1. Excluding ligands, DNA and RNA, what is the solvent-accessible area per residue of segment 492-532 at a probe of 1.4 Å, expressed in Å²?
2. Taking all protein chains in place and a 1.4 Å probe, what share, in percent, of the accessible surface of segment 75-135 do carbon and sulfur account for?
3. Keeping all protein chains in place, calculate the accessible area per residue for segment 133-286 (probe 1.4 angstrom), answer in Å².
4. Sort 62-68, 164-170 by the packing proxy (mean of other Cβ within 10 Å over each peptide's residues), most packed first.
5. Using the 2.2 N^0.38 Å rule of thumb for compact globular proteins, work out how segment 380-451 stacks up: its C-alpha Rg over that value, please.
6. Report the dimensions of segment 140-288 along its three principal axes from the alpha-carbon atoms, largest first, rounded to Å.
7. All other residues with a Cβ under 10 Å from the Cβ of Ile189 taken together, and with Lys, Arg as +1 and Asp, Glu as -1, what is their net charge?
8. If R0 is 22 Å, what FRET efficiency do you get for Phe102 and Phe171 from their C-beta distance, rounded to 0.05?
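The values are calculated or read from the model by the stated rules, or taken from the named source; none is laboratory data. The structure displayed is predicted, hence computed values, not measured ones. Backbone-built Cβ (ideal geometry, glycine too); neighbour counts: all protein chains shown. All accessible areas refer to the heavy atoms of the entire protein, side chains included, with ligands and DNA or RNA removed. Shrake-Rupley method; radii C 1.70, N 1.55, O 1.52, S 1.80 Å.
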Amino acid sequence: MDNRITLIISFLFVAVIGSAQNNSIFQNASFQPYDRYLYNSDNRFHTSIKPYDLTEVQKIVSIDSLYTKHCKNKYVNHFLNNDWVRYRSKEFNFNINPAFNFELSQHNGENNDKLGWINDRGLFINGNITDKVYFYTAFHEIQSNFTDYRRDRIKELGHSTIPGISRGKMFGENGGLDYAYAEGFVSYIPSKYFGFQLGHGKNFLGDGYRSLLLSDNAQNYPYFKITTNVWNLKYVMMWSQQYYLENGHLGNTRYEKKWNVMHYLDWSVTKWFNLAFFETITWGNDTLGTDRGFEFNYINPCIFLRPVEFSIGSPDNCMMGLTGKLTLWKKHVFYGQAILDEFKFNEFKKHSGWWGSKYGLQAGYKTFDIANIKGLDFQTEFNYVRPFIYSHFTYSQNYAHAGQPLAHPRGANFYESVSFLRYNWKRFFFEAKYEYLVFGKDTTNTNYGGDIFKLYQTRTQEYDNKIAKGGDQNIVTYADFTASYMINPKSNMNISLGVSHRKQRSEIADDLNQWMFFVGFRTSLNNFYYDF
């Protein structure tokens, strides 16, 4: 049976017990209009599950109450406050808005006499049919030419992969890229407890800027998600399909597919303390026989996956994790994550650097309205990920999609500190960011666990695998300042300008030291990470 038919049948089979989301369009970390309200412990909101459910957000705060700017002229008022096209009736509503990014950049490195640019045009449509069915779709047609460190990252990823977006086609003599970006979902919400969502997009688990469990770093993928709200619990079950590039690709053929199932239970233990449990399994079509397809043993949404995986003699990639959030005095938030792939306590006690000690840790803090200055926020976090985590003994079962990690952009074998100072006054947004990253980079003939796309049985050594060590240790410092003015909150249309400085020191390669200046006119709806 065709895998797509199998997936649809399995979706329909479980749909009767689901709960869905009407996703908030505000996913960009630099624009967080809801967070100061949602993180207030009085609201007991499950902040670690993103995108936020807009139907739940609106019970606490409305975007219209935050950024509406009243104007007497009806045309100016429409441009500044309303959807570009809006239709309203008792049973059916929809909105159409532009989605674009026009950016110019200049940097001081190689090709510093050439302007970098992005030409991104598109639109998004969202609406609902009664209060039960919600839908969203977006499409972007993009051409770009990067002349800064983003160009280096695209070369590092290979396959003309633009981070977080898509694969591109080269054009012109200067290395331009032509690509597209599409996302969408349809949700059905039969009650305040249950519903379901079928989509093509991204998901994020955690309260941090990064996530070690599941982030929005990779490009979009198809998924089916169940989200159940009962008592002080929010339970997310998601089945998704990814693909991998490591086995090569023949012309006019599809990339090889793999599958993922994820359970995430978030418990609001008290108003000020949340604890969440995570488990996931990744499997490929090339395991347990030819063209394995969707694994029906993983359909049950109310079961621990590890015993099921073991019972079928499975070699699948299983990981488990925890997320926690402690909120003090309503605006001081301490959060953290832990991810575990493989672990032996005896090896851990020896401090031997055994390759199979695969885990990652996150610790962070965020606060709002510093010194009682409304809109002045601060966030800092530390991430620590051991070598070889997220990798596997087959290409189809690493924790990645289309050549990019599904968790942290750097993959494994690193530690990182990243901090933000943000200020929002009316429709003005200011953000200063600083990152310090140390990672071990594998060379062509070595595998010290930094590259999650290498098979872990090709490891260079069994023991003494130390964090951020390997064939080539790299130290990256990244500083960025951006100022933006929001023109229309319905689409997050804004004018932005900024400057960034990135310095990378390597043990075996030349040091890189780049400044970049940019100005943009855009609708900043999604996260695209350039701090790697």
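1. 47 Å²
2. 61 percent
3. 37 Å²
4. 164-170, 62-68
5. Rounded to two decimals, the normalised Rg is 1.45.
6. For segment 140-288, the Cα spread along each principal axis is 59, 39, 27 Å.
7. 0
8. 0.75
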